[in-house]
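Participant: There's a structure below that I have some questions on.
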Amino acid sequence: MGGVISAEEPKWIEPFSGLSEVQFARLVALVRRRGGDAQRGRPWRLSLEDRVLLVATYWRTNLTLRQVAPLFGVSKSAADRILDHLAPLLALSPARRPRKDTVYIVDGTLVPTRDRSIAASSKNYRYSTNLQVVIDANSRLIVAIGLPLPGSRNDCRAFTESGVDSACRGAPTIADGGCQGTGLLIPHRKQRGQSHLSPQQEAENAIHRRARARVEHALSRLKNWKILRDCRLKGNGVHQAMLGIARLHNLALTG
């Protein structure tokens, strides 16, 4: 059975991976270096390029693997094997030690998740997972993504429990006002008995809001991948998907 979608036809690459043909080739080369061509058991029917595109298409469209597999001319079980093998290889690499002039921005996002073991009813009235995302304020690249936590967990606790606090060590990190007591840079708030903020504090809060908008924009771009709007993956699947999508996001920004 032949497939409809193939990386051999460049027209399919950008709609389903968000990358140009050149960027996609760099991604495939990275996955190959990480062992993407390794075979365990039956040989792969698809080329590595098509397998990477299959995973990207699954994340981009949030179709079931039973729906995606025929588009590439493979069975559902083969698509399962491809996803299990390549998702960890597409994951974002751990953050390096920040430079002295680096500033990070952190924020949490809720991903509707059907696996109740890692999700909880949250403020969006759905069972969701809280994922903490850290970006570089200058380059806007994603630096780290925390382990998934129940959506009812507030960002103050999630920052430390998800593990992203270790990625932020050594760099000033901007956060919203809900992260009091974490040592992060948060906006000024009125103290008890204070009727209003001083003009200087208001001005600093305005700068803070403009800076934090960068992480909001990054989260918005991540949510273009529809699997982050209603994730059917279980266990570590949602985290691997988020790390892989972060890799694609960064590659698209750097060119």
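Participant: Where the accessible area of the chain is counted over protein heavy atoms with a 1.4 Å probe, how much of it, in %, is carbon and sulfur?
Facilitator: Working: 6600 of 13080 Å².
Solvent-exposed carbon and sulfur of the chain make up 50 percent of the total.
Participant: Putting +1 on Lys and Arg Cβ atoms and -1 on Asp and Glu Cβ atoms, find which of GLN240, ALA95, SER122 reaches farthest to the positive end of the dipole of the chain.
Facilitator: Among GLN240, ALA95, SER122, the one farthest towards the positive end of the dipole of the chain is SER122.
Participant: From the residues GLY193, ASN138, GLY36, which one has its Cα farthest along the dipole of the chain in the positive direction, the dipole being from +1 and -1 charges on Cβ of Lys/Arg and Asp/Glu about the Cα centre?
Facilitator: Projecting each Cα onto the dipole axis, the largest value belongs to GLY193.
Participant: Compute the length gained on full extension between GLN180 and SER166: take 0.36 nm times their separation in residues and subtract their Cα-Cα distance, giving the result in nm to one decimal.
Facilitator: Working: separation 14, 0.36 × 14 = 5.04 nm, distance 1.75 nm.
Here the answer is 3.3 nm.
Participant: If packing is taken as the mean number of other Cβ atoms within 10 Å per residue, what is the order of 7-18, 239-250, highest first?
Facilitator: Working: 7-18: 16.3, 239-250: 22.5.
For the peptides 7-18, 239-250, the packing ranking is 239-250, 7-18.
Participant: If you roll a 1.4 Å probe over the heavy atoms of the protein chains, what accessible area per residue do you get for segment 130-240, in Å²?
Facilitator: On the way: 5730 Å² over 111 residues.
The answer is 52 Å² per residue.
Participant: Is there a quick way to get the dipole size of the chain? I mean about its Cα centre, with the Cβ of Lys and Arg at +1 and of Asp and Glu at -1; what is the value in debye to the nearest 20? List each step's numbers first, then the result.
Facilitator: Working: 39 positive and 21 negative charges, 83 e Å.
Using only the charged Cβ atoms, the result is roughly 400 debye.
Participant: So how long is each side of the chain along the principal axes, counting just the alpha-carbon atoms, biggest first, in Å?
Facilitator: 73, 37, 29
Participant: Can you order the peptides 182-195, 48-61 by their average number of other Cβ atoms within 10 Å per residue, highest first?
Facilitator: Values: 182-195: 12.6, 48-61: 23.2.
Highest mean packing first, the order is 48-61, 182-195.
Participant: What length, rounded to one decimal in nm, is gained on full extension from ALA203 through to ALA38, with 0.36 nm per residue of separation minus their alpha-carbon distance? Before the final figure, lay out the partial values.
Facilitator: Values: separation 165, 0.36 × 165 = 59.40 nm, distance 5.54 nm.
Gain on stretching ALA203 to ALA38: 53.9 nm.
The values are calculated or read from the model by the stated rules, or taken from the named source; none is laboratory data. Model, not experiment: these values are computed from the prediction. Neighbour counts are summed over all protein chains in view; Cβ atoms, including those assigned to glycine, are modelled from backbone coordinates with ideal geometry. These area figures cover heavy atoms from the full protein model, side chains too; ligands, DNA and RNA do not enter into them. Shrake-Rupley method; radii C 1.70, N 1.55, O 1.52, S 1.80 Å.
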